[in-house]
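A short worksheet on the structure shown next.
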Amino acid sequence: MREIPLSVPNLNIEIADHLRQCVETGWVSTGGGFIAAFEEKTAAYVGVPEAVACQSGTAGLHAALRILGVGPGDAVIVPTLTFIAAVNPVRYLGAEPIFMDCDGGLCLDPVKLERFCRDECRVEAGRLIDNATGNAVKAVIPVHVFGNLADMAAIMDTAARYGLKVLEDATEAMGSFYASGEYAGRHAGTIGDMGVFSFNANKIITTGGGGMIVAGSGSEGRACIGRARYLTATARDDALYFRHDEVGYNYRMLNLQAALGVSQIGELENFVAIKRRNYDLYAQYLQGIRGLSLFPFGEGLRPNRWFYSLLFEEEDRRDRIMRTLIAEGIQCRPVWKLVHTQKPYCASRAYDIEKAHYWERHILNVPCSTNLTEDDVRYVCERIAACG
Ligand SMILES: Cc1ncc(COP(=O)(O)O)c(C=O)c1O
């Protein structure tokens, strides 16, 4: 059977040389030259002064939320249409999520965000208080879903008006940037107070597992990055005597992981070009198949086109085709089950969720790896057509 995976790594053999260097020198853990090199390359690529490499996107989000001041009894606004790892760090810190709907591009709905802050909250002693729970709403986490970009101009506006910190979950969006408008040239993850990337194996570039924390170039951003470096390395205040003035985390990236990263980041622009070529091929080969369309990326952006989504008119047909493709060895999946309907979060506050329910039932993600050939794309589309 011909097997086509959904999203797998595309690794250059140069990585073997890097790993060999780690083994030969013994630098396999949280110290070593590849870590600093990968941080510098990432910072330069996305256009920030500094970046901090960590164990995973989830670890980066956890540390960043804490740095932004989220703690027990606080509330954080999150999208419901996302991978659950974007939300779990809120709970790790003893805070509560408030779930928000998504916009036409699958990202956090900025209109509902504004409406929620205006109609459902009050400002008390400079803090935004959720009327229903009495919790202080401290932050918002826009997720750049599938490499599309959230409407950061509108989100930043609302955040500034209501004193919310903004943590960008750019885990899926390394390589996406605004091509026009207020943030033209600015990369995903570099607009809010802090941003986090993931290098999990299914992402556009990978370190096997890993993440990167970034922040703005102002003095506040630099302070956040300093805190990130400190907290992710067990908050060591005196390296010789092992003095720790705070409870930190063992979240530093390994040199072994960074050895992959320095090679992968050199391929990133090439991968974005391949993603675009394969996206266009899908558009071409899907033409004429009834009742479905290729989900578009937003205008005025240079998206990385990490994940391709098909939008089906009929939910039943989506499920039928999905099951047939899986049985034939073509890996595909629906968009995530909405987080506010998951067991750990079904009692949490959710505000006017509507569009996300539609996307949940009508979207199918299809193979999108950067080593996908034109023949693979044609084959997937032919099998979809054959399902009727
Ligand atoms: C939206 C989103 N947030 C967070 C994460 C967590 O990243 P990681 O797997 O590196 O912990 C991922 C991906 O895995 C993700 O897709």
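The values are calculated or read from the model by the stated rules, or taken from the named source; none is laboratory data. Since we're looking at a predicted model, the values are computed, not measured. With ideal geometry, Cβ positions are generated from the backbone for all residues, glycine too; neighbour counts draw on all protein chains shown. Accessible surface is based on the protein model in full, side chains and every heavy atom, while ligands, DNA and RNA are left aside. Shrake-Rupley method; radii C 1.70, N 1.55, O 1.52, S 1.80 Å.
Report, by residue number, each residue of the stretch 259-287 that is without any contact (Cβ under 8 Å) to a residue 12 or more places away in the chain and in contact with a Cys (Cβ under 7 Å, 6 or more places away or on another chain).
None; the set is empty.
Just wondering, is there one or more residues in the stretch 22-32 that are part of a loop (DSSP other than H, G, I, E, B), more than 30 Å from Ala327 (Cα to Cα), open to solvent by less than 60 Å² (accessible area, probe 1.4 Å) and without any contact (Cβ under 8 Å) to a residue 40 or more places away in the chain?
yes
Report, by residue number, each residue of the stretch 129-141 that is in contact with a Gly (Cβ under 7 Å, 6 or more places away or on another chain) and surrounded by 21 or more Cβ atoms within 10 Å (Cβ to Cβ).
Lys138
Would you mind finding the one in Gln284, Gln342 that is of a type outside the set (Ser, Thr, Tyr), outside the structural domain of Thr42 (by TED's automatic domain parsing) and out of contact with any helix residue (DSSP H, G or I) (no Cβ under 7 Å at 6 or more places or on another chain)?
Gln284
Based on this model, can you work out whether Pro89 counts as surrounded by 24 or more Cβ atoms within 10 Å (Cβ to Cβ) and without any contact (Cβ under 8 Å) to a residue 60 or more places away in the chain?
So Pro89 passes the test.
Hey, could you check the stretch 40-60 for residues that are away from the ligand (no atom under 16 Å from the Cβ) and closer than 25 Å to Thr370 by Cα and say which is most open to solvent (accessible area, probe 1.4 Å)?
Taking the candidates together, the pick is Glu40.
Looking for something among the aliphatic types (A, V, I, L, M), open to solvent by less than 40 Å² (accessible area, probe 1.4 Å) and not in a helix (DSSP H, G or I) - is there at least one such residue anywhere in the stretch 152-160?
no
Yes or no, residue by residue, for (1) open to solvent by 10 Å² or more (accessible area, probe 1.4 Å); (2) of a type in the set (S, T, N, Q); (3) within 12 Å of the ligand (Cβ to nearest atom); (4) within 13 Å of Leu61 (Cβ to Cβ):
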{"residue": "Thr171", "(1), (2), (3), (4)": "yes, yes, yes, yes"}
{"residue": "Met174", "(1), (2), (3), (4)": "no, no, yes, no"}
{"residue": "Ala179", "(1), (2), (3), (4)": "yes, no, no, no"}
{"residue": "Glu182", "(1), (2), (3), (4)": "yes, no, no, no"}
{"residue": "Arg186", "(1), (2), (3), (4)": "yes, no, no, no"}
{"residue": "Asn200", "(1), (2), (3), (4)": "yes, yes, yes, yes"}
{"residue": "Lys203", "(1), (2), (3), (4)": "yes, no, yes, no"}
{"residue": "Thr207", "(1), (2), (3), (4)": "no, yes, yes, no"}
{"residue": "Gly211", "(1), (2), (3), (4)": "no, no, yes, yes"}
